[in-house]
Amino acid sequence: MTLQVSNLVGGYSQVPVLKDVSFDVKDGELVGLIGLNGAGKSTTINHIIGLLTPFKGSIKINGTGLNDDVKKYKEQIAYIPEQPIVYKELTLKEHLEMTMLAYNLDQDESWKRAHKLLKLFRLDNKLDWFPDNFSKGMRQKVMIVCAFLTNAKLFIIDEPFLGLDPLAVNDLLNLISERKKQGASILMSTHVLDTAQRYCDRFVLLHDGQVRTEGTIEELRQLFPDAGDSLNDIYLTLAREGDAS
Amino acid sequence: MKQLFRQRLTTHLKEMMRYLRLVFNDYFVLALLFVIGGLGYYYSNALKQLHTGLWWAPILIIGILLVSVQLGRFATLIEAPDYVFLLPREAELYQYLKSGFKYSLSIAVAIQVLFWILVMPFIQVTMHPMAIDLYLLLATLVILKMTWLNTDFARKYHLKRNWLSNRPLFRWLVPVITFAFSIYVNYWSGLVVSVVALAVSYFSRNQWATRSLDWTTMIADENSRMHTVYQFFNLFTDVPTLQGSVKRRRYVDVILNQIKLIPKNTYLYLYAHGIVRDNEMSGLYVRLLVIGTLFLVFVKGEILPIFLSLLFVYLIGFQMIPFYFHFSDNAFVHVYPVTNEYQLKSFQRVLLYLLTTVGVVFAVAVAAVNFTTIITIIGVIVGEALEIWAFVYLYLPRRLAKSERVR
């Protein structure tokens, strides 16, 4: 069990956005966090990476809570934010070095891996450029390269598909499945549902700050037999039901 | 992590030096010497008329010391991407922040000493303290500042006990009580109170140093600190990182609506609306106008008012120059079928309006205060008219041509 979120109540101010959210991500599993805009996907992620503190409930990574041991908790995470965020005054190369420093990675080995990743995302000739001047998609690639440079046990990826070109989306998905095989867990929030359906092992469907349902696509189909086959249909049915009630 | 802070500090100091060099240019240093000299003279004269036993003197001292304690903020030099890139090293960030704390403390202590030196003569004259008392007061001041900074340090963590980072408590309430003890009881008691406050605040470090960081607050705090710094520099030079906010200012529409909507006036329309609504620009203009007018109201003499009014007209005009390029990043202005020759003319017209307004306000202020010396009033009016004409029609085109080449 890598990530365990139990009875999480939380949000930005006193008003809770999340109301009693519980789910888990097991070793070697890719879980899709699905929800409409404002359903609470990013809030959940902000709680997991420690930007927000829970009002109630707990979040544990391999049994460690954030305030049990900050170091042990945080070392296991690699995070790719929805809005790529880079240092204005650092070059691409320096961003990679920063990551190696922060995660205490072996330089030689990491550079080998870095070059592979850079080539994959066609950034290998831009090492001395400033990512701050890149387009959104390219900055997103920088974030991906930095995250997959690490040996994190838990990858948290917030809406990766918007702004990436189709080739990069495909490459990212390959990277994810490679890491999955090595035993890492991945939590990915998205509303690109057809891609999610093809690649995620399990889904957590958030609506209005609550987990409406979770399970594999088969389980979801059995729960909503009339909704249709695709995740898209199931989610639309569920979201409309939620609004009606 | 300490290394990282040192690296950031070097870059930060370099940037600050660059701006400081621009701020303390020759003209400004000259004006500053004038002001300091004048104020010092005024202060020493005022002191001669004071004696012990004034009821308002202790209150004024407490007020000044309170202001002093507020100066010097906690510089973390944290940047927004840190919460992603330094995520795995969060536990070690305590070391980094401690370096920041030390750096901030050294600057804050320097400020406290400066204020202490400033109020010392006043305390001497009105309270007749012993020499040791003054040193005790300085120690109290420094200890309170340490507590102040430590509160801001605690604020960067997700605390269990929130009162440890309570700003009104440690910034205002504790200092007021402490200074009251110092001034009204005796200086030893004030020192004891401040030491207790510091001890409480320092012992709490063990409690929060191992907890998780509040990145959102930390980044917001640092951004707001840097914004204040940049705003100060922006008084003297153009700060590119400062993105101005915009206000509607409906009451100026009466003037803005005078602009005829013909192609020739495209830039006039843009510049006029832009300068009025851009908070940085209009704020700068109004601030300098008010400061200049205040100076002219308080300063008497034959030559000094002329000199000051000319200096401020130049300063204000100089601040407005970078706005010429304000729209050059906007794709629209390059697409408009309008020739560039009107751009300069429009900008000159806007500046002419702005500076003439300044000139009139200054002239009225000078005339009101020095109505007996006609020669000064005439000097101000003629001097300003000449200066504004030369600035807008001779200096500005050359200056812009030079900047254009650099771009």
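The numbers here are math on the coordinates, done by the rules we state, and not lab data. Because the structure is predicted, anything quoted here is derived from the model rather than measured. A quick note on method: Cβ atoms are made from the backbone with ideal geometry, for glycine too, and the neighbour counts reach across all protein chains shown.
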Seminar exercise, completed: Per the charge dipole of the protein assembly as shown (beta-carbon charges, Lys/Arg positive, Asp/Glu negative, Cα centre), the residue among A:Gln182, B:Phe115, A:Pro84 reaching farthest to the positive end is B:Phe115
For this session: Please work out the Cα center distance from segment B:355-397 to segment A:92-137, rounded to the nearest Å.
Result: 59 Å
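Given an 8 Å cut-off on Cα distances and at least 6 residues of separation, report the relative contact order of chain B as a percent.
Averaging sequence separation for qualifying contacts and normalising by length gives 14 percent for chain B.
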Seminar exercise, completed: Within 10 Å of the Cβ of an average residue in A:177-190, the count of other chain Cβ atoms is 0
Exercise. Can you pull the mean other chain C-beta count within 10 Å for peptide B:77-84?
Worked result: 6
Seminar exercise, completed: Tilt, helix A:136-148 to longest principal axis of chain A (alpha-carbon atoms), in degrees rounded to tens, equals 90 degrees
For this session: Tell me the chymotrypsin sites (Phe, Trp or Tyr not before Pro) within segment B:34-131 that lie in a loop according to DSSP and have at most 15 other beta-carbon atoms within 10 Å.
Result: B:Trp55
Seminar exercise, completed: The helix B:131-154 Cα axis meets the longest alpha-carbon principal axis of chain B at an angle in degrees, between 0 and 90 and rounded to 10, of 80 degrees
Problem set entry | Low-density loop cleavage sites - GluC sites (Glu not before Pro) in segment B:274-365, where at most 14 other Cβ are within 10 Å (DSSP) | B:Glu302
Problem set entry | Inter-chain Cβ neighbour average for residues B:86-96, partner chain, 10 Å | 6
Problem set entry | Backbone N within segment B:367-407 under 18 Å of label point (7 Å from B:Asn340 Cα along the Cβ vector) | B:396-407
For this session: Report the local net charge at B:Gly359: Lys and Arg +1, Asp and Glu -1, summed over other residues whose C-beta lies under 10 Å from its C-beta.
Result: -2
Problem set entry | Cβ-based net charge around A:Glu159, under 9 Å, with every Lys or Arg adding one and every Asp or Glu removing one | -1
For this session: Once you have a ≥ b ≥ c as the square roots of the Cα gyration tensor eigenvalues for the protein assembly as shown, tell me rounded if a/c is under 1.5, and otherwise prolate or oblate according to whether a/b is larger than b/c.
Result: oblate
Seminar exercise, completed: With the dipole of segment B:172-286 defined by +1 on each Lys or Arg Cβ and -1 on each Asp or Glu Cβ, the option from B:Ala220, B:Ile262, B:Thr178 whose Cα lies farthest towards the positive pole is B:Ile262
Exercise. Which angle between 0 and 90 degrees, to the nearest 10, do you get for helix A:107-120 versus the longest principal axis of chain A when only C-alpha atoms count?
Worked result: 70 degrees
Exercise. Can you give the calculated 222 nm mean residue ellipticity of chain A, where each DSSP H run of n ≥ 4 adds -39,500 (n - 2.57) and the sum is split over every residue, rounded to the nearest 500 deg cm²/dmol?
Worked result: -11500 deg cm²/dmol
Problem set entry | Total charge dipole magnitude, chain A, about the Cα centre, Cβ charges on Lys, Arg, Asp, Glu only, Debye to nearest 20 | 440 debye
For this session: Would you work out the charge dipole size for chain B about its Cα centre, treating the Cβ of every Lys and Arg as +1 and the Cβ of every Asp and Glu as -1, and quote it to the nearest 20 debye?
Result: 680 debye
Exercise. What nm distance separates the two modelled labels at A:Lys72 and B:Val23, each placed 7 Å from Cα along Cα→Cβ?
Worked result: 4.8 nm
For this session: Past 23 Å, Cα to Cα, is the threshold; run A:Lys136/B:Lys156; A:Lys26/A:Lys116; A:Lys74/A:Lys116; A:Lys88/B:Lys2; A:Lys41/A:Lys112; A:Lys71/A:Lys181 against it and keep the listed order.
Result: A:Lys136/B:Lys156; A:Lys26/A:Lys116; A:Lys74/A:Lys116; A:Lys41/A:Lys112; A:Lys71/A:Lys181
For this session: Sticking with the crude label model, points 7 Å out along Cα→Cβ, report the distance from B:Ile303 to A:Lys136 in nm, one decimal please.
Result: 6.2 nm
Problem set entry | Nearest-0.05 FRET efficiency for A:Thr91 and B:Lys14, computed from C-beta distance (R0 22 Å) | 0.80
Seminar exercise, completed: Here the gain from full extension of B:Tyr353 to B:Ala401, 0.36 nm per residue of separation minus their alpha-carbon distance, amounts to 15.1 nm
Exercise. Relative contact order for segment A:85-150: what is it in percent, counting Cα pairs under 8 Å that are at least 6 residues apart?
Worked result: 52 percent
Exercise. How large is the charge dipole for the protein assembly as shown, taken about the Cα centre, if only the Cβ atoms of Lys, Arg (+1) and Asp, Glu (-1) carry charge, to the nearest 20 debye?
Worked result: 1440 debye
Seminar exercise, completed: Net charge (Lys, Arg +1; Asp, Glu -1) of residues whose beta-carbon lies under 12 Å from that of B:Val174, B:Val174 excluded, is +3
Exercise. Any idea what the relative contact order of chain A is, in percent, if you count C-alpha pairs under 8 Å spaced at least 6 apart?
Worked result: 27 percent
Exercise. Once both labels are modelled 7 Å past Cα along the beta-carbon direction, what's the A:Gln182-B:Leu386 spacing in nm?
Worked result: 7.7 nm
